[in-house]
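The values are calculated or read from the model by the stated rules, or taken from the named source; none is laboratory data. As the structure is a prediction and not an experimental result, all values here were calculated from the model. When we count neighbours, we look across all protein chains shown, and the Cβ atoms used for this are built from the backbone with ideal geometry, even at glycine.
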Amino acid sequence: MRDATMMLRQVSYENRAFWRNPPAAFFTFVFPLIFLVLFNVLFGNNTIEVEGGATNEATFYVPAIAALSVISACYTNVAMTIAINRDDGVLKRIHGSPLPVAIFVLGRVVHATLVALLLVAIVTAFGAIFYDVDPPTTALPAFTVTVLVGAAAFSALGIALASVIPNADAAPAIVNVTILPLFFISDVFIRLDDPPAWLDAVSYVFPVRHFSEALQTAFNPFVAGAGFEPMNLLVMALWGLGGFLFSLRFFTWEPGI
């Protein structure tokens, strides 16, 4: 009970800290919407024929941007925020409290996951209102579970990455070099219809591709069944577990350099 209370308090603290920085919170939610508008402007929103029927192209933009928004909020933002807080001495002050590393990590993961759920809801509603995209009502449980697993996994990975970032100045370069290339090879920014075999194999090693595919499946109106992708969910969960265990072992409260 004591650990649960501490984690809830940590989640509450993270939530207050997040909303007390209005510019950062504002652009966290606006950033994916800008990309969704750009995708529709640059690539169009024409009706396309796919297996099972016809739909508009925005139906496939929305889950891609949902993946982008979750990863940005749960991986990029978490890693950079922790690196900045470490340099500013915020983590050192937290370390002076009885808060264990595991509770701190879980608090960050839970809060980032809640932010991700709100982000995905906004992106989906924006697509439905402005681009006539049908929300995944039939596969809503699969879509929700995918978002939850993906958000938790990328949050844990963001904290794990922060554990090896030496200082805040290095954070943007390290975070971007570890995630931006994966966006291009994982059907997030662009769909690779016939990629080289080696590139396709590399993309399946990392969780971004599995997250993107699982969201696309749950959002596809012509997919039969509940829309779950067990293998993709398993890969993401394993990456998230690895990130969590890595964080417990190597997380540092003070800057290394």
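Condition check ((1) surrounded by 16 or more Cβ atoms within 10 Å (Cβ to Cβ); (2) touching a Ser or Thr at 6+ places or on another chain (Cβ under 8 Å); (3) of a type in the set (A, V, I, L, M, F, W, C); (4) over 21 Å from residue 21 (Cβ atoms)) across all residues:
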site	(1), (2), (3), (4)
66	yes, yes, yes, yes
76	yes, no, no, no
85	yes, no, no, no
90	no, no, yes, no
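Only one entry of 127, 107 meets the criterion of being in contact (Cβ under 8 Å) with a residue 40 or more places away in the chain and more than 22 Å from residue 86 (Cβ to Cβ), and that entry is 127.
If you scan the range 1-31, which residues turn out to be aliphatic (A, V, I, L, M) and assigned to a helix (DSSP H, G or I)?
Residues of the range 1-31 aliphatic (A, V, I, L, M): 1, 4, 6-8, 11, 17, 24-25, 30.
Within the range 1-31, 4, 6, 7, 8, 11, 17, 24, 25, 30 meet the criteria.
Screening 113, 59 for residues that are surrounded by 21 or more Cβ atoms within 10 Å (Cβ to Cβ), among the polar types (S, T, N, Q), under 20 Å from the mean Cα position of the chain (by Cα) and under 28 Å from residue 12 (Cα atoms) leaves exactly one candidate, 113.
So which of 186, 212 ends up being touching a Lys or Arg at 6+ places or on another chain (Cβ under 8 Å), surrounded by 14 or more Cβ atoms within 10 Å (Cβ to Cβ) and of a type outside the set (A, V, I, L, M, F, W, C)? First the steps, then the outcome.
Numbers: 212 fails: touching a Lys or Arg at 6+ places or on another chain (Cβ under 8 Å).
Just a single option satisfies the conditions, and that option is 186.
Looking across the range 221-257 at every residue that is surrounded by 19 or more Cβ atoms within 10 Å (Cβ to Cβ) and not hydrophobic (A, V, I, L, M, F, W, C), the one that is modelled with the lowest pLDDT is identified as 227.
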